[in-house]
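Report on the following structure.
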Amino acid sequence: MNTENTPSPHPRRPLWRTTAIALVAAGSIAALAACGGGNGDSGSGSGDRHKNTNADSKANAPRVLWMGDSIAGAEAPALGAALRADGAPFKSMAADGGGGVIGEIAEPTWDQLPKELTSFKPDVVAYQITTYDWGKPGEQRAAYEKLAEKVGAAGAELVFVTAPPFKIDDFYKPHEAEIKTAAKSARAVAERHQGKVRFLDASALWGTDSGAPKAQRSKDGIHSCQQGSAAFAQWLSKELGRLYSFTPAPADRWATGSWTGDKVYSSLGCK
């Protein structure tokens, strides 16, 4: 279920309404290096596992496995470009119509994850909370604990990343309360496993209003086009650099690369 594989066999939600969002010029994208804000890291520890005496060395950059749903899938091309420019091997198993770890829809995730942990051998598993992480807080915490256990047993660290604000349409409305508690549940798990599980609050980048320009949502109100994905990649690579002691590559080294032509953006109507 990485971005190069076929989608989940589970029923998929129909593709949302799309519209064209132009990619800004290279000079504007380079300005993404200024993006930042609070990091919301609930995990302690200094990332010693990847440290050496040269904080700028790419030898520090961890192998990153990226998890999430179709929102994470739209972010994956930019994130992969940014992290590879940092010297960090990257793989995405983000899945359209799924990718979560709670309930029946999570079965493909639990089936694929052990294979990726064994074959790719990540240092860091970054899990963006999905729009499908439905369940009561206890169910959410149990699933996130299970994820932390499996990632830790493979010798990797888990980083929870909150989802961007997205439009709560008729599809999501019945699960609005569950969607709101997912981040709190993930934070609770990170606080319980400080130093091994971390929590990053992406509202530092996106804000909390899906309709605000800061959220950089496409016209469907849910996904991001190239510019929003690049902004996220710049922010997350900066946060991972802080946690694991490497210096992210400047945005102008990767932000206008071939990833901008990935098929995920054409399917969303991005240009």
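A few remarks follow.
- Within region 179-203, being in contact with a Ser or Thr (Cβ under 6 Å, 6 or more places away or on another chain) and either modelled with pLDDT under 95 or basic (K, R) (or both) holds for R187, Q194, G195.
- Selection within region 200-233 - farther than 20 Å from G257 by Cα and hydrophobic (A, V, I, L, M, F, W, C): L200, A202, A204, L205, W206, A212, A215, I222
- Check on G100, out of contact with any strand residue (DSSP E or B) (no Cβ under 8 Å at 6 or more places or on another chain) and at pLDDT below 95: no
- Pairs, first at positive phi and of a type outside the set (K, R) in region 112-138, second outside any loop (DSSP other than H, G, I, E, B) and surrounded by fewer than 23 Cβ atoms within 10 Å (Cβ to Cβ), C-beta under 9 Å, six or more apart: G135/A142; G135/E178; G135/T181
- Of all residues in region 151-187 being in a helix (DSSP H, G or I) and touching a strand residue (DSSP E or B) at 6+ places or on another chain (Cβ under 9 Å), the one that is most open to solvent (accessible area, probe 1.4 Å): R187
- Of residues in region 223-232 being within 15 Å of the chain's Cα centre (by Cα) and in a helix (DSSP H, G or I), the one farthest from G73 (Cα to Cα): A231
- Test set (1) over 24 Å from G211 (Cβ atoms); (2) surrounded by 19 or more Cβ atoms within 10 Å (Cβ to Cβ) - E75 fails condition number: (1)
- Residues considered: D170, D220. Of these, the only one that is over 18 Å from the mean Cα position of the chain (by Cα), over 26 Å from R84 (Cα atoms) and free of Cβ contacts under 8 Å to residues at least 12 places away in the same chain is D170.
- Considered as a group, the residues in region 107-150 that are surrounded by fewer than 16 Cβ atoms within 10 Å (Cβ to Cβ) and assigned to a loop (DSSP other than H, G, I, E, B) include one that is nearest to the chain's Cα centre (by Cα), and that residue is K121.
- Test: residue in region 180-196 that is without any contact (Cβ under 8 Å) to a residue 24 or more places away in the chain and closer than 22 Å to S70 by Cβ: yes
- Residues that are among the β-branched types (V, I, T) and within 11 Å of A230 (Cβ to Cβ) were ranked within region 247-271; the one that is least open to solvent (accessible area, probe 1.4 Å) is T260.
- Considering residues of region 212-230 that are of a type in the set (A, V, I, L, M) and farther than 18 Å from M67 by Cα only, the residue least open to solvent (accessible area, probe 1.4 Å): A215
- Subset of region 82-97 that is open to solvent by 20 Å² or more (accessible area, probe 1.4 Å) and over 18 Å from L158 (Cα atoms) - its residue that is modelled with the highest pLDDT: R84
The values are calculated or read from the model by the stated rules, or taken from the named source; none is laboratory data. A quick note: this is a predicted structure, and the numbers were derived from the prediction, not measured. Cβ: placed from backbone, ideal geometry, glycine included. Neighbour counts: every protein chain shown. SASA here: full protein model, heavy atoms, side chains in, ligands and nucleic acids out. Shrake-Rupley method; radii C 1.70, N 1.55, O 1.52, S 1.80 Å.
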